[in-house]
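Taking it in order: structure first as structure tokens, then the write-up.
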Amino acid sequence: MHHDMVLGMAVGAAEFGWMAGGLFAGIIVAIVISKAIGLASLSQAKADARRIREQAESQARTEAEKSRLDGERAILERKERAEKELEQSRGEIREYERRLAKREDLVDRKEETLTLKEQGLSKQSESLRQREERIGQREVESQRILEEQKDKLLKIADLTPNAAKELLLERIEGECRQEAAKVARKIVEDAEHEAKAKAREITLMAVQRYAGEHTSESTVRTVEIPSDDMKGRIIGREGRNIRAIEKATGVDIIVDDTPGVIVVSCFDKIRQAVAVESLNRLIADGRMHPTRIEEVVEKVRSEIGEKIIKAGKDAVLEANLRGLHPKVVEAMGKLHYRTSFGQNVLRHSIEVAFLSQIIADLLGLDGTVARRCGFLHDIGKAMDQEMEGGHPKIGMDFARQYGEKEPVLNAIGGHHADIPSTSFYTPIVMAADAVSSARPGARRESMEKYVQRLTELQDIATGFKGVTEAYAIQAGREVRVMIDAARVGDDEAFLIAHQIAKRVSEEMTFPGEIKVTVLRETRAIEYAR
């Protein structure tokens, strides 16, 4: 047992010794390796430091070179700017010197001019002084001569000073009378001028207080149609429907390629209104044949007559007039469809009525009477196409027939100076009529000439035997003549056409040519029962 324990301890001591030796050897090896590694790290650090130093020195040299170049560039730029500023300053100095030299030259010239003027003034002053001396001497001499002449005149005329004074006073009195006559003439002229100015002021005030609208009448109106099929129905088979419309209404129907409309042309506004309204009703109704056309036209013509009466009553109400005869009211309504140089005559009459009232009120006259005179002044135009003579006389006779009195009759008959004025209201109406007609846009002379030409063309055609109706169409380039088939044969129709064309050529002046169309129609009508 003891031996085993000793052997075990010996074995343990041997193992411990081997372990201690191994540990010591490991430590020594670690120390050797650590030194080797430290030596290597030190060498690497020195190499890195040397490399970093070399890079820093290179960068420092680069920065220094860059700073040096930037400094040199800045110096060059400053130098260039300084040179430019210096050159600019030198240029300004040269310009200033040039201007200064120019001013010096100008001052020198002015100085020379002033010197010359001073010399001239000195000469003029001396001349004036000498002239004053001569004038003074002449005044003294003149006074002396006047005294001598006065004494000689008194001796020659054997007048005393008192008698001479009386003679002088008579002369002065005559001169004063002449001056007084001049003053009186000037007062009259000033009064006439003030009267004209006052009249102008009254007229302008009347125009300003009544500013009516102006609408120019046209001889052409359009009717809208819903489709081309309706356009064909309006024309009818071989044009019978459109001929029936034109014959019944006396207008010219123009059907062209314009989509959606047909044109109604006529200078008579009543016939045109009848045709347009009839076409609108026929299109809305859809039935289109000659008999239906005549029925619709007759009905519309009757309604237009009612509208004429209504237009007259509305105009009388607007003008605020009382006591007018119904025939007078109807005649005024017809003026709604009458134009004068393109101006609606009824609107013109209402405007003249109010202008006349304003002028009469400003002059202290009866404005109601003036308004009545102005309203009725053109009433003759409602029937002047049916009677001979001018519209002033026709209107005056018509108004007298239906109870109008003076001064209305004189204003109607004398507003164009056809008869002498017997009251102040006639010249007032003349002035108001001129103001209404002369306003810009109120009238067109070409319209009146156009209407007169168409009327003359129709009158020539209706003057032949057998002609029942005649209508000027196509803006006066054609006259369509209806003849009585029972009285005129086919051969005579051609002769009438030739005679009308010949008379138109001889009596009228017109551009281009005028077509004469004579229509002879035989109509057979029978009723099935």
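The values are calculated or read from the model by the stated rules, or taken from the named source; none is laboratory data. Here the structure is a predicted model, which means the values were calculated and not measured. When we count neighbours, we look across all protein chains shown, and the Cβ atoms used for this are built from the backbone with ideal geometry, even at glycine.
Structure notes:
- Some residue of segment 348-355 being in contact (Cβ under 8 Å) with a residue 40 or more places away in the chain, over 30 Å from residue 253 (Cβ atoms), in contact with a Phe, Trp or Tyr (Cβ under 7 Å, 6 or more places away or on another chain) and not in a helix (DSSP H, G or I): no
- Residues of segment 329-344 that turn out to be buried (at least 23 other Cβ atoms within 10 Å of the Cβ) and among the β-branched types (Val, Ile, Thr), as a count: 1
- The test for being surrounded by 15 or more Cβ atoms within 10 Å (Cβ to Cβ), out of contact with any Pro (no Cβ under 9 Å at 6 or more places or on another chain), part of a strand (DSSP E or B) and free of Cβ contacts under 8 Å to residues at least 40 places away in the same chain holds for residue 253.
- Filter result (among the aromatic types (Phe, Trp, Tyr) and either surrounded by fewer than 24 Cβ atoms within 10 Å (Cβ to Cβ) or at positive phi (or both)) within segment 346-403: 354, 398, 402
- Among (1) touching an Asp or Glu at 6+ places or on another chain (Cβ under 8 Å); (2) within 23 Å of residue 453 (Cβ to Cβ) - the single one residue 349 does not satisfy: (2)
- When 431, 417 are screened for being surrounded by fewer than 22 Cβ atoms within 10 Å (Cβ to Cβ), free of Cβ contacts under 8 Å to residues at least 24 places away in the same chain and closer than 23 Å to residue 358 by Cβ, only 417 passes.
- Identity of the residue in segment 263-295, surrounded by 22 or more Cβ atoms within 10 Å (Cβ to Cβ), in a helix (DSSP H, G or I) and of a type in the set (Val, Ile, Thr), that ends up farthest from the chain's Cα centre (by Cα): 293
- Residue that is surrounded by the fewest Cβ atoms within 10 Å (Cβ to Cβ) [pool: residues in segment 307-328 that are in a loop (DSSP other than H, G, I, E, B) and touching a helix residue (DSSP H, G or I) at 6+ places or on another chain (Cβ under 8 Å)]: 320
Listed here are the residues, each with its yes/no results for (1) touching an Asp or Glu at 6+ places or on another chain (Cβ under 9 Å); (2) modelled with pLDDT of 80 or more; (3) of a type outside the set (S, T, N, Q).
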{"position": "481", "(1), (2), (3)": "yes, yes, yes"}
{"position": "487", "(1), (2), (3)": "no, yes, yes"}
{"position": "493", "(1), (2), (3)": "no, yes, yes"}
{"position": "497", "(1), (2), (3)": "no, yes, yes"}
{"position": "502", "(1), (2), (3)": "no, yes, yes"}
{"position": "512", "(1), (2), (3)": "no, no, yes"}
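- Boolean, residue 352 is under 15 Å from residue 432 (Cα atoms) and in contact with a strand residue (DSSP E or B) (Cβ under 7 Å, 6 or more places away or on another chain): no
- Condition broken by residue 380, with the remaining ones in (1) over 18 Å from residue 411 (Cβ atoms); (2) in contact with a Pro (Cβ under 8 Å, 6 or more places away or on another chain) satisfied: (1)
- Residue count, segment 457-489 (criterion: basic (Lys, Arg) and buried (at least 21 other Cβ atoms within 10 Å of the Cβ)): 1
- In this structure, residue 114 does not qualify as surrounded by 10 or more Cβ atoms within 10 Å (Cβ to Cβ), over 60 Å from the mean Cα position of the chain (by Cα) and among the aliphatic types (A, V, I, L, M).
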